[in-house]
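Worksheet for the structure shown next.
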Amino acid sequence: MRNRWLEILLIGGGLVVVPLGGAIGQRNALSDREEIKKSFTLVSTDHRQLVVDNINGEINVVGYDGDTIELVSRKEIRAESNEKIEEAKQDVSLDIKEEKNKLILYVDAPWRAGEEGNYKGWHYYGYDVIYDFDLKVPHKMSLFLKTVNHGKVMVRSVEGEFEVTNVNGGIEMSDINGPAVVKTVNGPIKVSFAENPGSGCSFKTINGKIEVVLHDGLNADMKLKTFNGKVYSDFEVSTLPQENKTVEEHNGSRRIYRRGDSSTVRVGKGGSELVFDTLNGSIYVLKKD
């Protein structure tokens with residue numbers, strides 16, 4: 001149990017329309033499975049990048065003491081008939097592109113063409129396809145990861161730049177180092193840093209809590225926003241001038257900051273902006289024990 005919490009209550013509002021993914025795991029569906037294992041060596045070690053653009057399924061990336069990227073991909077087709085399984089094999093594929101300092105894994109499908117959100121659902125296609133990715137990468141590598149349905153995005157022990165996106169699932173990142181843009185719609189965000197970030201970071205969800213672990217000696221400006229939730233911090237903060245903002249003291253030990261829909265506070269001497277934004281959930285800014 002922590003000895004002291006700084007509680008920041010934010011009140012705001014808005015209308016959010018959340019698109020949901022298609023159905024998977026239909027009753028009485030047939031199934032076909034395939035596993036792919038590959039190893040990749042990038043020509044250049046300068047600013048190495050991994051891009052994973054998935055649709056259905058989880059992404060798990062772990063840093064290790066090696067120079068190659070090790071991929072294990074598990075593909076599952078669920079379909080209403082054997083004919084639809086064969087159709088899915090033709091329609092949905094994993095495209096792999098190797099560049100000098102970048103590896104791109106892209107799940108292609110008929111609904112990728114045209115406007116975003118062109119997926120017409122199980123009853124139109126008669127199948128769904130899931131790709132689960134497990135990857136081991138060198139510790140220093142920038143990650144650009146995206147999935148939509150049926151799986152978390154997880155990252156551990158990697159240093160670089162991070163853009164991590166999910167829609168219907170959570171995001172978990174531990175022992176990372178570098179600027180991070182982390183966003184989901186329906187799910188929690190949990191991130192712990194190996195070192196305090198030296199540049200801006202953003203953590204956003206609609207339905208879920210945000211938990212970020214930082215270190216003593218933090219110097220940052222934190223922008224905090226939630227509607228149905230509260231904000232808790234292990235760090236001493238000072239408020240920055242804002243319009244329509246009041247401060248209430250409770251028992252002389254806990255502060256509750258109230259302002260339209262957001263609040264900005266300073267930790268230490270201030271510095272890079274850390275953005276925490278959720279609609280339905282609380283925000284926890286924790287200090288590493």
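Just so it is clear, none of the values below were taken in a lab; they were calculated from the coordinates. All values derive from a computational prediction rather than experimental measurement. Cβ: placed from backbone, ideal geometry, glycine included. Neighbour counts: every protein chain shown.
Computed values, structure above
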{"quantity": "Within-12-Å neighbourhood charge of Lys100 [Cβ basis; K, R +1; D, E -1]", "calculated": "0"}
{"quantity": "Average Cα contact separation per residue, region 143-230, under 8 Å, 6 or more apart, as relative contact order %", "calculated": "21 percent"}
{"quantity": "Set Lys102/Lys223; Lys102/Lys225; Lys140/Lys190; Lys97/Lys136; Lys102/Lys287; Lys75/Lys146 screened for pairs whose C-alpha atoms are more than 23 Å apart", "calculated": "Lys102/Lys223; Lys102/Lys225; Lys102/Lys287"}
{"quantity": "Neighbour-limited loop hits for trypsin sites (Lys or Arg not before Pro), region 82-177 (at most 14 other Cβ within 10 Å; DSSP other than H, G, I, E, B)", "calculated": "Lys100, Lys120"}
{"quantity": "In order through region 81-92: 3J(HN,Hα) via Karplus (6.51 cos²θ - 1.76 cosθ + 1.60), integer Hz, x for Gly, Pro", "calculated": "7, 5, 4, 5, 4, 5, 5, 5, 4, 7, 7, 10"}
{"quantity": "Loop-resident sites, region 85-128, for chymotrypsin sites (Phe, Trp or Tyr not before Pro), counting at most 10 other Cβ within 10 Å (DSSP)", "calculated": "none"}
{"quantity": "Residues with amide H under 5 Å from that of Asn196, placed H, sequence gap 5 or more", "calculated": "His215"}
{"quantity": "Region 177-224 - charge dipole about Cα centre, Lys and Arg +1 at Cβ, Asp and Glu -1, debye rounded to 20", "calculated": "300 debye"}
{"quantity": "Unit charges on C-beta of K, R, D, E only; dipole of region 25-172, Debye", "calculated": "160 debye"}
{"quantity": "Leading residue at positive end of dipole, region 102-252 (Cβ point charges), from Ile189, Gly170, Asn118", "calculated": "Asn118"}
{"quantity": "Restricting region 99-160 to GluC sites (Glu not before Pro) in coil, as DSSP defines it, with at most 10 other Cβ within 10 Å", "calculated": "Glu115, Glu116"}
{"quantity": "Long-range HN-HN contacts of Lys102 with modeled amide H, under 5 Å", "calculated": "Gln49"}
{"quantity": "Residue exposure sequence - Arg33, Arg74 - by fewest surrounding Cβ within 10 Å", "calculated": "Arg33, Arg74"}
{"quantity": "Summed residue charge, Cβ within 9 Å of Val285's Cβ, Lys/Arg positive, Asp/Glu negative", "calculated": "-1"}
